[in-house]
1. Residue 293 fails exactly one of the following numbered conditions: (1) assigned to a loop (DSSP other than H, G, I, E, B); (2) under 23 Å from residue 229 (Cα atoms). What is the number of that condition?
2. Take the residues in region 225-275 that are under 25 Å from residue 195 (Cβ atoms) and of a type in the set (Phe, Trp, Tyr), then tell me which one is surrounded by the most Cβ atoms within 10 Å (Cβ to Cβ).
3. Which one of these does residue 241 not meet: (1) more than 10 Å from the chain's Cα centre (by Cα); (2) outside any strand (DSSP E or B); (3) not β-branched (Val, Ile, Thr)?
4. Count, please, the residues in region 304-332 that happen to be within 21 Å of the chain's Cα centre (by Cα) and open to solvent by 60 Å² or more (accessible area, probe 1.4 Å).
5. Here is a list of conditions, (1) open to solvent by 60 Å² or more (accessible area, probe 1.4 Å); (2) at pLDDT below 95; (3) farther than 30 Å from residue 234 by Cα, and residue 335 meets all of them except one; can you say which number that is?
6. Of the conditions (1) open to solvent by less than 50 Å² (accessible area, probe 1.4 Å); (2) of a type outside the set (Lys, Arg); (3) not in a strand (DSSP E or B), residue 168 fails just one. Which one is it?
7. Please go through region 179-201 and pick out each residue that is assigned to a strand (DSSP E or B) and among the acidic types (Asp, Glu).
8. Pairs under 7 Å by beta carbon, first residue touching a residue at least 24 places away in the same chain (Cβ under 8 Å) and under 14 Å from residue 77 (Cβ atoms) in region 336-351, partner in a strand (DSSP E or B) and open to solvent by 60 Å² or more (accessible area, probe 1.4 Å), six or more apart or different chains?
Amino acid sequence: AEAPDWIGISPDHGDAAGSYTLKITLESNTSEASRSATIVITCGTSKIEITVTQEGADDPIESTPANRIMRIDSRQQTIRNSGDSDPERWTSTSRFTYDDAGRLTCYEWDDTPENSADAMDEVLRISYPDAKTLKLSAETTESPEKGSYTVTLDDAGRAVAARSDNGPERWTFAYDGNGCCKECTYSGDEYHYYPRTVCRWTGNDLTGLDIYQGKEVDFSYEFEYHADLSNTPAMCNLDLNALLFEVCPDIEDTDFSMGAILSGIGRLGKRSAHLTNSYPDESEFMVEPLPDGSIISFRALNERIEWKQVGGRVTEAIWIQEVECFQRKGDNETILSERGYKETETHRIFY
């Protein structure tokens, strides 16, 4: 049940005494880190162990013109059940620039003109001073100040530490033997409540995050995936789970989304093997207390993410969520159907 998905063996059991020929198949190793698996063959009290090791690739992201994302057009829409107003809409465009080696050097998020004039545009620039260092420079139209960060990489090209060049913010990342990020920590902001995130993996998918406040878990996220939709660097050079839906190892409530950015560009260890079917957001959230002691709240229903693929590449991702409104006082709950709404996000991906 815990066998890695990059190695296969056939047959995987014997039905009767006799001789068997075993066929071992391996998928290409697209990460910089080497990886190993042990095949254990048992017969009665006898046991044979075969260890298979694959060296890491020279280019872990496999960035080629065929799988290189150049632009993402996004559209968000909210339709209220009451029908008393036009749907709320928001559009934006993300653009990506690469160097001659296929490494991402610029990520621009551009709010389109039909939205409010003072909406925030963002630019992230990435440089590669040496094999062990990334430099990140972030700026927005809302602030004249630029955020500058230095990321330290290990021998496998994974981020192990990051720091702000302008302040005390620090991030650290730890990995398990399979190359998956198992823990993120944060320090430097005295107002930050969540200094540690522990990642839970099932097989080759990140299935949960435990968010700590001090030494105790304050809350958790659970992730679901499409078992039939693979998420590989060969299909798409950037991790859309992270960039579009924040399904990745990350630290909660920081000013800079270090985890999502590093995951998106393939620098936070192994990405989940499948495309996500969930968004890490609160399933229930309070809006307003009323004078009679009751509370108006909302909760998410029927969340799902649909992915479209053409020619082996992801071309569209659609997030859909229905939100129900209710009033609660003590154990009594009343559904306020007219205050409910439906949200959608559509992302079109161009190569």
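The values are calculated or read from the model by the stated rules, or taken from the named source; none is laboratory data. Computed from a predicted model, the values in this text were never measured in an experiment. Methodologically, a virtual Cβ is constructed for each residue, glycine included, from the backbone with ideal geometry; neighbour enumeration extends over all protein chains shown. Calculation scope for accessible area: heavy atoms of the full protein, side chains included, ligands and nucleic acids excluded. Shrake-Rupley method; radii C 1.70, N 1.55, O 1.52, S 1.80 Å.
1. So residue 293 meets the others, but not (2).
2. 245
3. (1)
4. Within region 304-332, residues that are within 21 Å of the chain's Cα centre (by Cα) and open to solvent by 60 Å² or more (accessible area, probe 1.4 Å) number 5.
5. (2)
6. Checking residue 168 against (1) open to solvent by less than 50 Å² (accessible area, probe 1.4 Å); (2) of a type outside the set (Lys, Arg); (3) not in a strand (DSSP E or B), the one that fails is (1).
7. 183
8. These pairs meet every condition: 341/79; 341/80; 342/79; 342/322; 345/76; 346/75.
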